[in-house]
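Here the structure comes first, spelled out in structure tokens, and everything after it is commentary.
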Amino acid sequence: MYSYVFFDLDGTLTQSDIGILECAKRALTHFGVDISDAAKLKKFIGPPLYVSFHDAYGLSEEDTEEAIRIYRKHYTEEGIYRAPLYPGMMELLSDFKKAGVKLMITTSKPQMMAEKVAKNNEIFDFFDGIIGPGLDEHDPSKSILIRRAMDALGLTDNDRDKIVMVGDRFYDIEAAAEVGVDSIGVLYGYGEREELEKAGATYLLKDVPEMRGIVME
């Protein structure tokens, strides 16, 4: 059904909560912020760091910049290596690749870090490209990143029916709708069914193997 699959990273390809949340806690603690609300901390999984620190936790512009610096220091040293693949993901990517499906990672995580995560999990070579913001980009919308992925593959609006975006949060689904491509909302990640349905996911799936049928049949 689809020739191109664009994957979100955190919560879609990888179980990244341990590394992300630990680094977020260290940055927030530096500013004396209460980190007891576990549900609020999960807001760090998915959106750009600037949005989480500035919008969700109300840090000033200056403190947000410093919090991002602290987070990235710990993440590049430790957290980046604490994000294993979801069960069955390696086999799924291999099957897609063998079938000739073009794969991209389209993530709000800085591209440099996303590449390191992919290499650490030994999936880098499955992908035809990894698209993420630069370190100096605060809040690139996911739709912009999807467009960048399309450009990298030489795709135009006439190819949108061949593309599906896979993600676990409403950011992914809403961005796909904005660009005009189908989407798969994964329920095994960090989002909720309600947010994915409300965002207009074309498909919802409970586990990794289900994706094979949606993409290839």
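Looking only at residues in region 4-31 that are charged (D, E, K, R) and in contact (Cβ under 8 Å) with a residue 60 or more places away in the chain, which one is farthest from residue 44 (Cα to Cα)? Reasoning before the result, please.
Filtering region 4-31 for residues charged (D, E, K, R) gives 8, 10, 17, 22, 25-26.
Still in the list and also in contact (Cβ under 8 Å) with a residue 60 or more places away in the chain: 8, 10, 17, 22.
Values: 8: 14, 10: 10, 17: 9, 22: 10 Å.
For region 4-31, the residue satisfying everything is 8.
Look at residue 113 and say whether it is assigned by TED's automatic domain parsing to the domain that holds residue 147, at pLDDT below 95 and in a helix (DSSP H, G or I).
Working: assigned by TED's automatic domain parsing to the domain that holds residue 147: yes; at pLDDT below 95: yes; in a helix (DSSP H, G or I): yes.
Considered against the rule, which asks whether it is assigned by TED's automatic domain parsing to the domain that holds residue 147, at pLDDT below 95 and in a helix (DSSP H, G or I), residue 113 comes out as yes.
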Checklist entry - Does region 94-109 contain at least one residue that is crowded, with 21+ Cβ neighbours inside 10 Å, among the small types (Gly, Ala, Ser) and under 14 Å from residue 27 (Cβ atoms)? => result no
Next on the checklist: Can you tell me which of (1) in contact with a helix residue (DSSP H, G or I) (Cβ under 6 Å, 6 or more places away or on another chain); (2) among the charged types (D, E, K, R); (3) closer than 12 Å to residue 8 by Cα is the one residue 109 doesn't meet?
Outcome noted: (1)
Checklist entry - Which of the residues that make up region 132-150 are free of Cβ contacts under 8 Å to residues at least 12 places away in the same chain and surrounded by 18 or more Cβ atoms within 10 Å (Cβ to Cβ)? => result none
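Can you name the residue in region 151-187 that is without any contact (Cβ under 8 Å) to a residue 24 or more places away in the chain and crowded, with 21+ Cβ neighbours inside 10 Å and is also farthest from residue 87 (Cα to Cα) among such residues?
If we filter region 151-187 for residues that are without any contact (Cβ under 8 Å) to a residue 24 or more places away in the chain, which is where we start, we get 151, 154, 156-158, 160-161, 177, 180, 183, 185, 187.
Add one more test, that the residue is crowded, with 21+ Cβ neighbours inside 10 Å, and what stays is 183, 185.
Details: 183: 21, 185: 17 Å.
Among them, the one singled out is 183.
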Next on the checklist: Test of understanding: among 86, 81, 2, 71, which residue is hydroxyl-bearing (Ser, Thr, Tyr) and within 20 Å of residue 169 (Cα to Cα)?
Outcome noted: 86
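The values are calculated or read from the model by the stated rules, or taken from the named source; none is laboratory data. What you see is a predicted model; the values in this text were computed from it and never measured. Don't worry about glycine lacking a Cβ; one is built from the backbone with ideal geometry, like all the others, and counts go over all protein chains shown.
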